[in-house]
Structure formats: C-alpha cells, structure tokens
Amino acid sequence: MEKNIQHSDIYAIALHHRFQWEEVQQSHVILFPEGMVKLHGGAGEILKRVDGKTSVGDIVEELKALFPEVADIEADIVGMFDLAVGKAWLRKVN
Amino acid sequence: MAQLNNGVAANITQKQPLWLLAEVTYRCPLHCAFCYNPTDYDKHTKNELTTEQWINALRDARKMGAIQLGISGGEPLLRDDIEEIVAEAHKLGYYSNLITSGVGLTEKRIQAFKEGGLDHIQLSMHDITEEINNFITNTKTFELKKKVAAMIKGHGYPMVLNVVIHRYNIGHVDKILEMAEALGADYVELANTQYYGWSLVNRSQLMPTREQLAEAERMTNAFRERVGNKMKVFFVVPDYFAERPKKCMNGWGEVFMIVTANGDVLPCHSARSLPGLTFPNVRENGLEWAWKESPAFNKYRGMDWLKEPCRSCDEKEKDLGGCRCQAYLLSGDAEAADPVCTKSPHRHLIDAAIKDSENPLLREQPIIFRTDKNSKKYAEGDRERVDQFHSLP
C-alpha cells in the first residue's frame, strides 16, 4: 500500500472536509458531513502541514528535523498519508 | 505514530457534547407521517428562543467542545434569522449543517448561507414518484425538492440527501439511489423509520415487512458495488428487525446535546416522552450545568442504573441497554432493557408490532399526519388514537 505515496506528491485537505485544532479536546480534528475524526498528536503534526503546496518529502524532512529522536519517522508519516488518502480525507493536487 | 505524541495527549476521559443539534422551530410546512418530533409539538411553537438566545447557546456549547452543529426543526427556514445563526456558528468554528425540507430555500438565502460560512446542507427527499412524495408529506413538494437539490449543488455544497424509508418507498430504493446519483449526491442516508413521535402513531401503516427490508439491503449493496467511493450510502437498519438494540445516541449524555425550539436541553430527540424527568432549559441554568450537573443528563449516563437482564449482560458495553424512550414507550418502564433485544422480557411487544403491521385492518388505517390541528389534540391529552396503535402487553 505505502508504495502509492511518493515523496513528490502534494496533497490538500479534501473538498468538504475541514481540519482544525480543538482547544477543549487538545487535539486536531477532521470534520466532514455527518462525521468527525479526532487525531492524535502525531497525525495532527503531519496533517497541519498539508496545505496543497508542501510535498510529502518536504514534510518528512521537516518532521525528521523536529523529532530527531523518533526512529523511522518516515515510515510513520508515509503510513499516515496512505491512511488519510484511503479515507478520502486528502486529495492529490499534483 | 504514538512516538510523535509529544506531550499532546487528547482528553478522552471527559464526556463532551461534540454534536449540538439546534431544533430551532417546530413549525413546518410539511406534515410527514414519520416525523420524530413530539406529537404535542404545538405547545412549543409560540415560545421559541430568540436569535440572541440561540447565539448565546452556540457560544456556550462551543466552549464545552461542541463542534458539529445541526440546524434542524421543524423547518429551520421558517425562521428569518438562520443567516445570522449560521454566520455566528462559522465564526465560532463549528462545522455546520442545515437540515431542511428545502421549502423556503431561495437563491438569495443560499447565497447568504454560503457567505456566512455554512458547511453543508442536508436535504430530505422522499421518493422517485410525485405521488408518494406528496402523499407521505401531505404536501405538493416533489418538483421543488429537485430544484433545491440543483441549487445546493450549484453553490458547491456537498450534496447530502436524507431519505426516510417506510413501506411506501422501500420497494423503490434502487430507483431512489439512481435519482440521488443523477442529482450528484455525495452522501445518501437511507434512514429506516424509527418509531417515536408521529411515526409511532402510524407504526402499523409505515412498517415494511422483513422481506421488503432484505430486498432493500440487497439493492443498496448492489448500488454500492456499482458506484464505489463516488457516493457514500448509509443504510440505517431499523432496530425492530434486529436482535440487539442500538447504542442510542451513542450513549445518554455521551456526545449528543439537543436544544429544542423552546430551549429545553435534551440528550436525545424524544427524551421528553420519558416520565418523571425535568429537563434543563437554556433560559435557566445554562448549558454547562445542563450537561454536567443536571439530574436529567446524569440519570441514564454510564451503566450504574442498568437493571437485569442488562446489568449482568456481557454485551452491555456495546449498547448500554439500548434506547430509553423505546423501552418506556413500549414496556412502560424507562429502565427496562430496550424491547428490541431478544434477551428482553418485553421482546414480544416488538414481535406483536411486526405482526400488527402485517394485519391488513391495521395497516390500512388512515395515517395521522403531523399537523398543528392533530398536535393540538395530542397536547390536550387526547391520546385515544395513540393508544389504539400501541401493542399493549
């Protein structure tokens, strides 16, 4: 599955979906008609960088620099993209 | 991914009212036979909350963590301040949804909703035939709904269609889905009638047969297979034909909070049908007290109140004993197991209701439509007709 996500890919939050920080819950969420997904901290860190301009590769580099202590962070990030694309939370823009 | 969770732990232990349903009015131009609104709604059509009271309620609920907002009714568009409410909801960060019959939606209003930041519109549809649409709603609204659907699509909204399913349209589920596809729907909810309020009064006339239900599920699955991800189809299974109850409202006072037209704060749409409970009102102690402290919201929260056979049941966490309103309306005991459950000593009431719906005499009784005149009768305590349609023990 993960081979579907390329470093050069650029994604945006899917149409009719909204990504935002929820203060009361201290977490990021994705909102869409009739539903909501509460994201844990790691997923939120990734998705808040998804802006329709930054590539997957750039997001990987940025998070690697921010969290140098996390082993194999790249696989985690690519896995998260794979999941989010599969759930139709994200759309590919390039 | 857990490693990345550096100090940002989600608070999942405290219950928050994530979904707020604002039933802003009980006035409605339609008269649907299956409406879940209370049969005595007429009592609450003249003491509606003001715009300011609604906006305060939205603010308070948002502070408590509410994020999905449904603006419903009745027909919300009968109020002329929905534009203001929508704009405020957007400013507060809600994901907002207008739940409408489409009656009263004009180009001017939809434009204002778009500018105000309304996120989506859920339109009710009834059938592919004009005859059944007009019959079940007791109005001539068939053509209008198609026009409104096009308007919603034209303004770039996700197209969310809600179709309440009953005996009169269940055989057309395949055609209804095709119509939804032709209209460009993104989400379709096929909501089998649940029996509360007006639909309980008309239960024998509305309930499909088990065979019709199986056929509708088959048609839905065939459609899903053909269309794939393009359109999401939810098939809400009617619990009378199930063996276990649903986890009603995802648990009493767990995630849903409803504010009604007159300001009552409820954990579910029909909670006011339960005996001995006084529900809080936004005009009095405010939403935070209602949610956290009010005796009504704490009454059936969690599992401590469960009686047998639920208390010792190994499935109790899955359904929390099912629906309180259904338990009371059918068995007369609000703390009983939901009679839908085959472990319930009252399951025979459900089986009797299914039998009633097969009885030609009962199924052909005239439908009692949701009209102000009928509601006045119920509000005055004239329950004779309701009792006739109960499957009494």
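The values are calculated or read from the model by the stated rules, or taken from the named source; none is laboratory data. This is a predicted model, so every value here is computed, not measured. Every residue, glycine as well, gets a Cβ built from its backbone with ideal geometry; the counts of neighbours run over all protein chains shown. For accessibility, only protein heavy atoms count, side chains too; no ligands or nucleic acids. Shrake-Rupley method; radii C 1.70, N 1.55, O 1.52, S 1.80 Å.
Figures for the structure shown
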| read-out | value |
| --- | --- |
| Label point distance in nm, B:R311-A:K64, each placed 7 Å from Cα along Cα→Cβ | 6.0 |
| In the range B:189-252, GluC sites (Glu not before Pro) in a DSSP loop with at most 12 other beta-carbon atoms within 10 Å | B:E243 |
| Hydrodynamic radius (Kirkwood) for the range A:40-92, which is based on Cα pairs only, to one decimal in Å | 11.3 |
| Given 12 as the ceiling on other Cβ atoms within 10 Å, longest exposed-site-free region of chain A for GluC sites (Glu not before Pro) in DSSP loops | A:24-68 |
| Theoretical ellipticity at 222 nm over the protein assembly as shown - DSSP helices of four or more residues, -39500 (n - 2.57) apiece, nearest 500 | -10000 deg cm²/dmol |
| Carbon and sulfur %, accessible surface of the range A:40-92 computed with the full protein complex present, 1.4 Å | 52 |
| The protein assembly as shown: radius of gyration and largest Cα-Cα distance (Dmax), Å | 23.4, 75 |
| Farthest toward positive dipole pole in the protein assembly as shown [+1 Lys/Arg, -1 Asp/Glu at C-beta], among B:I368, A:I77, B:C313 | B:I368 |
| Separation of alpha-carbon centers, the range A:23-42 and the range B:339-368, rounded to whole Å | 41 |
| Other protein chain Cβ atoms within 10 Å, averaged over every residue that makes up A:29-40 | 6 |
| Relative contact order of chain B, pairs being alpha-carbon contacts under 8 Å that are 6 or more residues apart, as % | 20 |
| Per-residue mean of C-beta atoms belonging to partner chains within 10 Å, peptide A:15-26 | 5 |
| Inter-chain Cβ neighbour average for residues A:74-85, partner chain, 10 Å | 1 |
| Centroid-to-centroid separation of the range B:61-114 and the range B:229-286 [C-alpha atoms, Å] | 19 |
| Most positive-pole-ward Cα, B:S357, B:M249, B:G156, against dipole of chain B from beta carbon charges | B:G156 |
